[in-house]
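Take a look at the structure set out below.
The values are calculated or read from the model by the stated rules, or taken from the named source; none is laboratory data. Being a predicted model, the structure only gives us computed values, none of them experimental. Here the Cβ is made from the backbone with ideal geometry for all residues, glycine too, and neighbour counts use every protein chain on show.
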């Protein structure tokens with residue numbers, strides 16, 4: 001038995017690895033771009049979709065026929081035209097049948113083809129399908145030489161290179177795909193609007209984009225919704241072929257008896273699974289990320305109906321929706337990337353005008369090819385009709401030749417001047433066709449075909465007639481998909497809306513009164529309501545702990561926590577632990593060093609100022625807005641000198657005009673507030689000079705009203721010192737002993753001002 005002695009290593013080619021890899025990758029990339037991922041500009045289809053529809057046409061699954069199992073279709077596609085996996089082919093087929101995925105479905109499915117909730121379709125052995133009327137319009141002209149055919153992958157059959165129909169499928173149904181190094185993303189549009197714009201280009205190829213946009217308002221998604229971009233932004237995206245569209249859900253407010261209300265969402269953005277969307281909204285409620293949101297329910301059947309309830313009827317509906325738009329897929333962005341294969345099968349990013357113009361050019365080519373094909377068919381038929389009429393005029397002689405001649409065909413051709421086709425047709429005539437009536441019908445058919453032949457020849461010779469014919473055909477198709485039809489009515493509203501607002505904390509949180517308590521060891525809690533600060537519930541602390549700060553606030557407040565090293569931290573009042581138990585350590589909310597003491601905790605009032613003073617008597621005024629911190633780490637506001645600490649943090653009243661400071665040496669000084677600098681950060685200015693010790697306390701007040709303090713004991717009386725002239729001096733002075741009866745702890749803490 002002979003053996004092959006060829007060394008397999010003889011076929012190895014010595015080549016640089018990088019060049020060999022780049023050549024092979026380039027082949028793969030081009031194949032992916034041109035034969036898989038990008039749609040053709042002329043029919044808007046990728047090869048898999050085109051082969052699916054062609055296979056269904058071969059199976060005669062037109063809209064008037066019955067359904068066939070999808071398994072049969074998928075089997076024909078992968079066996080004859082598209083040698084890829086059955087799962088991928090069936091997924092493509094399912095999408096062509098989903099009315100929430102395609103604006104104009106090309107497949108009429110029967111069975112479970114998935115739903116807008118995001119559920120998967122049934123297996124292809126359970127579902128059935130046939131073509132839609134839209135698919136028939138898209139494939140019109142395949143039998144009239146309007147498109148070229150090529151061999152299938154195994155050279156056993158032929159398939160069309162594209163579909164020549166007049167339906168503008170590329171923009172009407174859109175497309176999405178990722179190739180090698182490029183991608184495409186085209187939203188669906190309204191077919192009637194596209195045909196109106198195309199008719200402008202038929203008349204004048206120089207039609208401007210602005211004229212086209214008078215008809216093409218914007219995307220028209222199958223799921224409706226609203227495109228809320230400005231006309232300028234939409235025009236810019238269409239001009240370049242790149243951009244994006246903001247798409248929002250359609251919603252209304254339903255009022256209820258008693259003043260209540262709820263929001264009903266009837267349309268959601270394109271490509272969003274309803275089940276996932278509702279889960280997102282429910283997660284916001286569970287995680288309290290949108291506290292003004294109360295409840296969400298799905299009441300959908302054939303139509304979408306998502307009911308959203310606020311936590312309180314006092315919530316602003318627009319504020320609630322702005323929050324949902326920002327945090328959920330009730331608002332999405334659909335990208336526009338008009339990257340398509342042009343007539344030369346070259347991938348290009350085109351603007352709307354160029355896409356429509358090239359599609360119109362293609363339709364002129366289709367019109368010419370169909371007309372030429374019809375002319376050829378007419379010429380062939382007229383040739384036969386001429387032979388039939390000659391036979392009728394010489395019927396007796398023709399019958400005699402057929403009866404007497406062994407080879408009647410050449411005799412008839414020679415005697416009557418017939419062509420081979422004419423003589424063959426006469427010999428194949430049925431006897432019933434020899435009626436006199438048949439001769440009259442042939443004469444009428446010849447006259448009609450001769451007239452049509454003249455019209456087609458005139459059409460091919462006249463560009464103006466071609467324009468009129470194409471516009472007439474577009475107008476007929478436009479009426480079929482017009483806005484008055486169920487399928488053609490625009491679903492997506494184009495209405496400009498401002499971007500979603502940054503929702504203020506007060507709007508995001510239901511305003512409720514609370515009482516905040518911070519213990520000496522740093523345990524914080526917030527109890528509902530504004531109760532008496534001396535109630536026993538507020539005085540419950542762990543053993544060895546006690547009260548440090550307690551005050552009334554609202555859940556919408558931001559709280560300022562100041563520490564001895566000059567850092568300020570911001571706490572959300574709504575985030576504080578409840579009043580049950582002893583609360584939680586404040587260090588669980590901010591990054592507070594364990595050995596740093598807390599100076600104060602107070603609500604942050606918008607537009608107010610704070611007085612900051614260190615133990616060394618240096619201080620300044622600072623706007624509240626400058627001490628708010630965005631992170632757990634806080635913000636350094638005062639930078640005390642070595643050995644000093646932040647000692648006093650007090651609000652500055654709107655009418656306050658003087659500062660009072662008292663030292664450990666029990667000397668008090670009063671000076672104008674105007675002498676104290678306002679800063680955002682620093683050590684500050686010297687408020688009072690000390691020979692021994694440091695600052696004990698400081699406060700701002702209205703000089704004309706003086707200072708008041710309680711007398712002590714159970715009397716409940718207070719003493720007012722209206723004349724503070726003896727203590728008035730310039731900032732930085734040493735001061736003098738305070739008025740008689742001033743508290744022995746040298747603190748203004750209990751003073752009312």
With the checklist (1) surrounded by 17 or more Cβ atoms within 10 Å (Cβ to Cβ); (2) in contact with a strand residue (DSSP E or B) (Cβ under 7 Å, 6 or more places away or on another chain) in hand, flag the one item residue 261 doesn't pass.
-> (1)
Pick from 183, 179: which is surrounded by fewer than 16 Cβ atoms within 10 Å (Cβ to Cβ), touching a residue at least 60 places away in the same chain (Cβ under 8 Å) and either more than 28 Å from residue 140 (Cα to Cα) or not assigned by TED's automatic domain parsing to the domain that holds residue 367 (or both)?
-> 183
Looking at the stretch 563-575, is at least one residue surrounded by 14 or more Cβ atoms within 10 Å (Cβ to Cβ), in contact with a helix residue (DSSP H, G or I) (Cβ under 8 Å, 6 or more places away or on another chain) and either under 28 Å from residue 690 (Cα atoms) or in the same structural domain as residue 653 (by TED's automatic domain parsing) (or both)?
-> no
Residue among 398, 360 that alone is over 25 Å from residue 144 (Cβ atoms), in contact with a helix residue (DSSP H, G or I) (Cβ under 7 Å, 6 or more places away or on another chain) and outside the structural domain of residue 43 (by TED's automatic domain parsing) = 398
Is it the case that some residue within the stretch 692-713 is assigned to a loop (DSSP other than H, G, I, E, B), over 22 Å from residue 742 (Cβ atoms) and not assigned by TED's automatic domain parsing to the domain that holds residue 572?
-> no
Identify, please: which residue in the stretch 273-293 is in a loop (DSSP other than H, G, I, E, B) and modelled with pLDDT under 90 and is, among those, surrounded by the most Cβ atoms within 10 Å (Cβ to Cβ)?
-> 290
Within the stretch 294-313, can you find the residues that are surrounded by fewer than 20 Cβ atoms within 10 Å (Cβ to Cβ) and free of Cβ contacts under 8 Å to residues at least 24 places away in the same chain?
-> 294, 295, 297, 299, 301, 302
If you go through the stretch 200-210 one residue at a time, how many are in a helix (DSSP H, G or I) and farther than 12 Å from residue 239 by Cα?
-> 4
Which residues, taken from the stretch 311-341, are over 25 Å from residue 499 (Cβ atoms) and at pLDDT 90 or above?
-> 339, 340, 341
Check on residue 682, out of contact with any strand residue (DSSP E or B) (no Cβ under 6 Å at 6 or more places or on another chain), within 25 Å of residue 601 (Cα to Cα), surrounded by 15 or more Cβ atoms within 10 Å (Cβ to Cβ) and assigned by TED's automatic domain parsing to the domain that holds residue 622 = yes
For residue 270, the lone unmet condition from (1) surrounded by fewer than 20 Cβ atoms within 10 Å (Cβ to Cβ); (2) under 24 Å from residue 95 (Cβ atoms) is (1)
Can residue 489 be described as in the same structural domain as residue 371 (by TED's automatic domain parsing), farther than 27 Å from residue 372 by Cα and in a loop (DSSP other than H, G, I, E, B)?
-> yes
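One line per residue, one yes/no per condition, for (1) over 22 Å from residue 306 (Cβ atoms); (2) modelled with pLDDT under 95:
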{"position": "177", "(1), (2)": "yes, yes"}
{"position": "187", "(1), (2)": "yes, no"}
{"position": "201", "(1), (2)": "yes, no"}
{"position": "215", "(1), (2)": "yes, no"}
{"position": "226", "(1), (2)": "no, no"}
Of the residues in the stretch 590-636, those that are without any contact (Cβ under 8 Å) to a residue 12 or more places away in the chain and in the same structural domain as residue 568 (by TED's automatic domain parsing) come to 594, 595
Top-ranked residue of the stretch 638-667 - restricted to ones that are in a loop (DSSP other than H, G, I, E, B) and touching a helix residue (DSSP H, G or I) at 6+ places or on another chain (Cβ under 7 Å), ranked as surrounded by the fewest Cβ atoms within 10 Å (Cβ to Cβ) | 657
Under the condition of being assigned to a loop (DSSP other than H, G, I, E, B) and within 42 Å of the chain's Cα centre (by Cα), which residue from the stretch 584-593 is surrounded by the fewest Cβ atoms within 10 Å (Cβ to Cβ)?
-> 591
Out of (1) crowded, with 20+ Cβ neighbours inside 10 Å; (2) closer than 23 Å to residue 606 by Cα, the odd one out for residue 671 is which?
-> (2)
